[in-house]
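S.K.: Please find one structure pasted underneath; my questions will follow.
The values are calculated or read from the model by the stated rules, or taken from the named source; none is laboratory data. The model shown is predicted, which means the values in this text are computed figures rather than measured ones. Glycine also receives a Cβ, built like all others from the backbone with ideal geometry; neighbour counts cover every protein chain displayed. We work out accessible area using only protein heavy atoms, side chains counted, and drop any ligands, DNA or RNA first. Shrake-Rupley method; radii C 1.70, N 1.55, O 1.52, S 1.80 Å.
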Amino acid sequence: MSENKERFSTEYAKALTECVSDPKHEYCYGVDQVPGVVAKMLPAIFTGSASYDGPAIRLTCKRLGIKATRKAILAYVQT
């Protein structure tokens, strides 16, 4: 796994945990399910088949200094 892909994965897991813990985002699952969701979402994110408008992805991209778009995310993780 590339360094940027690893960094994105780590930041996404942190961001999703924070967003799930925050009631304003109204996720329908608990923090205990985050690892399973991350395991399913990362392949979808990295292949371009995920939705990129969720709060966890937006927070991840903000922290990494990239736009929360398919094109920007794929360019980031492929370098």
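S.K.: Per residue, how much accessible surface does region 1-49 expose to a 1.4 Å probe? Answer in Å², no decimals.
M.R.: Result: 61 Å² of accessible area for each residue.
S.K.: Here's another thing I want to ask about it. Order the following by accessible area, largest value first: GLU26, GLU18. Probe radius 1.4 Å; ligands, DNA and RNA are ignored.
M.R.: Sorted descending by solvent-accessible area, the residues read GLU26, GLU18.
S.K.: What's the carbon and sulfur percent of the chain's accessible surface, probe 1.4 angstrom, rounded to a whole number?
M.R.: 55
S.K.: Once Cα extents along the principal axes in Å is worked out from the coordinates, which option in [x] 33, 27, 23; [y] 34, 20, 20; [z] 63, 33, 17 does it equal?
M.R.: Read-out taken from this structure: [y].
S.K.: Considering the chain as a Gaussian network with a 10 Å cut-off on Cα pairs, which listed residue, ILE66, ILE45, ILE57, attains the greatest mean-square fluctuation?
M.R.: Largest GNM mean-square fluctuation: ILE66.
S.K.: What is the sum of charges, Lys and Arg at +1 and Asp and Glu at -1, for the other residues whose Cβ falls under 11 Å from the Cβ of ILE45?
M.R.: Net local charge, ILE45 excluded: +3.
S.K.: Gaussian network model of the chain, Cα springs within a sub-10 Å range: biggest mean-square fluctuation belongs to which of LYS62, LYS14, LYS24?
M.R.: Maximum among the listed residues: LYS24.
S.K.: Could I ask something else about it? Tell me which lysines have Cα within less than 27 Å of LYS71's Cα, excluding those fewer than 8 residues away on the same chain?
M.R.: LYS5, LYS14, LYS40, LYS62
S.K.: Treat every Asp and Glu Cβ in the chain as -1 and every Lys and Arg Cβ as +1, leave all other atoms uncharged, and give the resulting dipole magnitude about the Cα centre to the nearest 20 debye.
M.R.: Roughly 340 debye for the chain.
S.K.: Further, regarding this structure: Could you give the DSSP H helices of the chain that reach 18 angstrom or more along their long axis (alpha carbon positions) and whose average Kyte-Doolittle hydropathy is no lower than -0.5? List each step's numbers first, then the result.
M.R.: On the way: long enough: 3-21 (27 Å, -0.91); 34-47 (20 Å, 1.50).
Correct list, ordered by number: 34-47.
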